[in-house]
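The values are calculated or read from the model by the stated rules, or taken from the named source; none is laboratory data. In this text, all values refer to a predicted model and were calculated from it rather than measured experimentally. FYI the Cβ positions are ideal-geometry reconstructions off the backbone, even for glycines, and counts take in every protein chain you see. These area figures cover heavy atoms from the full protein model, side chains too; ligands, DNA and RNA do not enter into them. Shrake-Rupley method; radii C 1.70, N 1.55, O 1.52, S 1.80 Å.
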Amino acid sequence: MLPVSVIAVPAAYTSQQCSNCGHTCPENRDSQAVFRCPGCGFEHHADTNRDQHS
């Protein structure tokens, strides 16, 4: 088995923070599933965007 690094990320605001540019605001979440960043225009499924934070 290969070694794996785990990075602890505080959960606060990760659902509102853009994984592309870091812009954080409630308006980033159009719905439960859709994430759209008004800062850079990045669009992604909200859960996938959240999982990209590191």
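For segment 19-54, the candidate set comprises residues that are under 8 Å from the mean Cα position of the chain (by Cα) and part of a helix (DSSP H, G or I); within that set, the residue that is nearest to VAL6 (Cα to Cα) is ASP51. In segment 1-26, the residues that are more than 16 Å from HIS44 (Cβ to Cβ) form Cβ pairs under 9 Å with partners that are of a type in the set (Ser, Thr, Tyr) and open to solvent by 70 Å² or more (accessible area, probe 1.4 Å), at six or more places apart or across chains, as follows: ILE7/SER54; VAL9/SER54.
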